[in-house]
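The values are calculated or read from the model by the stated rules, or taken from the named source; none is laboratory data. Note that the structure is predicted; figures quoted are calculated from it, not measured. As a convention, Cβ positions derive from the backbone with ideal geometry for all residues, glycine included, and neighbour counts pool all protein chains shown. Surface areas here come from the heavy atoms of the whole protein model, side chains and all, with no ligands, DNA or RNA. Shrake-Rupley method; radii C 1.70, N 1.55, O 1.52, S 1.80 Å.
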Amino acid sequence: MKFLVGISRVFVGVLFIISGFIKLNDPLGFSYKLAEYFGQDVLNLPFLEPYSLMISVLVVVFEVVLGVFLLIGYKPKFTVWSLLLMIVFFSFLTFYSAYFDKVKDCGCFGDALKLTPWESFTKDIVLLFFILILFLGVKYIKPLFGNLATTALALLSFIVSLWFGYHVLMHLPAIDFRAYHIGANIQEGMSVPEDAEKPVTEYAWKFKVDGEEKIITTNGSYPTVEGEFISVNTKEISAGYTPPIYDFSIESEDENLTDYFLNEDNLVIVISYNLDVIEQGGALKLEALQDEARKNGYKIIGLTASGAESKQRIKEAYNIDFDFYLCDEKALKTVVRSNPGIIELDKGTIKQKVHWNDLDNLQLPKVERAPEPLKIENIAYFVDGAMSTKTEVEAIDTETIESVSVFKEQNKELDSVNTANSSNFTSLVKVVLKK
């Protein structure tokens with residue numbers, strides 16, 4: 001028994017420290033996962049969502065120090081009871097998540113290692129087995145050092161863990177395990193290899209054949225059956241390959257500009273997943289950042305999930321005039337753990353990433369920026385349905401004009417004219433004369 005306790009002590013202690021440290025490296029990320037658990041679709045505890053970050057820090061600090069306590073033998077009974085209660089609670093969460101298919105990733109190892117709900121539950125059951133060994137053999141857990149040294153180490157582990165959690169919250173994670181780390185290329189992260197595993201879905205078709213219900217299973221194709229179709233149910237057998245980045249975009253109100261901006265050189269992006277909760281200290285620094293970026297030849301834009309009203313309010317309140325484009329809130333929270341956070345892109349590759357507290361560390365040396373190409377407007381003129389010229393239209397007596405219609409964006413009218421004339425008009429002016 002003593003040998004089993006010794007093996008379990010090392011295994012559980014090291015695993016708790018590693019798991020806790022990975023989450024402590026990114027407490028904001030773990031808080032987002034807790035908020036997902038607290039949501040109405042999972043545990044239905046929405047009143048806890050505002051406290052997700054506080055709970056996140058407390059849980060991961062406790063997880064790390066429990067691992068240290070176990071290894072050094074500090075207060076064995078308290079430590080083992082705490083480990084048991086914690087693993088029972090997390091076993092319940094992961095089982096609930098897996099059985100009811102609520103949360104796809106438990107966040108047990110942050111972004112460093114993704115586990116499916118059933119894998120997470122299995123991991124917790126294995127841990128529960130070893131913790132039960134510790135519980136039954138707690139008398140064999142002896143301190144590695146004297147009382148003073150053991151107490152000092154226990155206190156030091158708590159202080160260091162708490163300091164580290166605060167440090168990464170005020171800056172950025174010390175180790176970036178996400179697909180948006182410095183050096184990563186966003187286009188490459190979104191690409192799917194040609195030989196990637198394809199998703200597999202099973203289709204269960206229900207028919208009424210000769211008065212009896214019959215179910216036929218296929219991989220998607222409609223079965224050839226002489227009978228009355230009733231319904232079809234689908235079941236995912238395999239999700240297939242999912243690229244590391246799948247929900248990132250840069251969009252205006254009416255077009256997707258992702259490819260355009262990901263091919264830009266020297267692009268600074270200010271990221272705020274929600275402008276209504278942007279931290280004032282960071283927002284106050286945006287005007288100076290905007291001026292410095294432009295002076296040194298960089299293009300600057302914003303990315304947010306907030307609406308037009310919030311964008312305008314922030315621009316007026318903090319005297320900034322760069323445009324904010326739209327992106328999914330969850331994606332923005334993943335890109336940078338700061339609100340606002342700043343990244344520098346060069347043809348889609350992340351060159352720099354900083355928390356607003358570290359904005360002074362953002363290096364923007366002067367660069368030569370190619371002038372923006374002139375947009376030449378090519379206008380088509382029509383008078384009573386017949387093609388005309390600008391000179392002829394300007395010569396028309398305004399008293400004889402019934403109406404004037406101007407089309408400046410791509411539309412069916414403009415597309416029809418370009419197709420009929422094999423042209424590339426960018427605008428259309430249609431004049432209708434009085435009868």
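Brief remarks on what is shown
- Options L134, L162, L93, L156; residue that is more than 30 Å from the chain's Cα centre (by Cα) and either surrounded by 14 or more Cβ atoms within 10 Å (Cβ to Cβ) or at pLDDT below 95 (or both): L134
- Condition met for I350 (within 21 Å of the chain's Cα centre (by Cα), hydrophobic (A, V, I, L, M, F, W, C) and under 27 Å from P27 (Cα atoms)): yes
- Flag: A204 does not match the condition of being closer than 30 Å to I22 by Cα and either assigned to a helix (DSSP H, G or I) or open to solvent by less than 60 Å² (accessible area, probe 1.4 Å) (or both).
- The residues in region 101-127 that are open to solvent by 40 Å² or more (accessible area, probe 1.4 Å) and either at pLDDT 90 or above or touching a helix residue (DSSP H, G or I) at 6+ places or on another chain (Cβ under 9 Å) (or both) can be counted, and the count is 14.
- Residue selected from region 354-369 under the condition out of contact with any helix residue (DSSP H, G or I) (no Cβ under 8 Å at 6 or more places or on another chain) and either open to solvent by less than 20 Å² (accessible area, probe 1.4 Å) or more than 16 Å from A288 (Cα to Cα) (or both), by the criterion modelled with the highest pLDDT: V367
- Residue selected from region 35-47 under the condition among the hydrophobic types (A, V, I, L, M, F, W, C), open to solvent by less than 40 Å² (accessible area, probe 1.4 Å) and free of Cβ contacts under 8 Å to residues at least 40 places away in the same chain, by the criterion nearest to A179 (Cα to Cα): A35
- Within region 236-260, residues that are without any contact (Cβ under 8 Å) to a residue 12 or more places away in the chain sit with their Cβ atoms under 8 Å from residues that are of a type in the set (S, T, Y), at 6+ positions apart or across chains, in these pairs: N256/S249; T258/S249.
- Within the span defined as region 11-26, every residue fails to be at pLDDT below 85, of a type outside the set (V, I, T) and either surrounded by fewer than 18 Cβ atoms within 10 Å (Cβ to Cβ) or closer than 17 Å to A154 by Cβ (or both).
Here's the yes/no breakdown for (1) under 30 Å from Y273 (Cα atoms); (2) free of Cβ contacts under 8 Å to residues at least 60 places away in the same chain; (3) touching a strand residue (DSSP E or B) at 6+ places or on another chain (Cβ under 6 Å):
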position: E344; (1), (2), (3): yes, no, yes
position: V367; (1), (2), (3): yes, no, no
position: I379; (1), (2), (3): no, yes, yes
position: V417; (1), (2), (3): no, yes, yes
position: N424; (1), (2), (3): no, yes, no
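- Restricting L257, L267 to residues that are modelled with pLDDT of 95 or more and farther than 30 Å from T116 by Cα narrows the list to L267.
- Scanning region 164-194 for residues that are outside any helix (DSSP H, G or I), in contact with a strand residue (DSSP E or B) (Cβ under 9 Å, 6 or more places away or on another chain) and not acidic (D, E) turns up H171, L172, F177, Y180, H181, I182, G183, A184, N185.
- T334 meets the conditions (1) farther than 25 Å from M170 by Cα; (2) crowded, with 19+ Cβ neighbours inside 10 Å in every case but one. The failed one is (1).
- Residue list for region 265-285, filter: in contact with a strand residue (DSSP E or B) (Cβ under 6 Å, 6 or more places away or on another chain) and either over 17 Å from I343 (Cα atoms) or open to solvent by less than 10 Å² (accessible area, probe 1.4 Å) (or both): L267, V268, I269, V270, I271, S272, L275
- Residues satisfying the stated conditions in region 302-320, i.e. touching a residue at least 24 places away in the same chain (Cβ under 8 Å) and either part of a helix (DSSP H, G or I) or touching a strand residue (DSSP E or B) at 6+ places or on another chain (Cβ under 6 Å) (or both): G302, L303, T304, A308, S310, K311, R313, I314, A317
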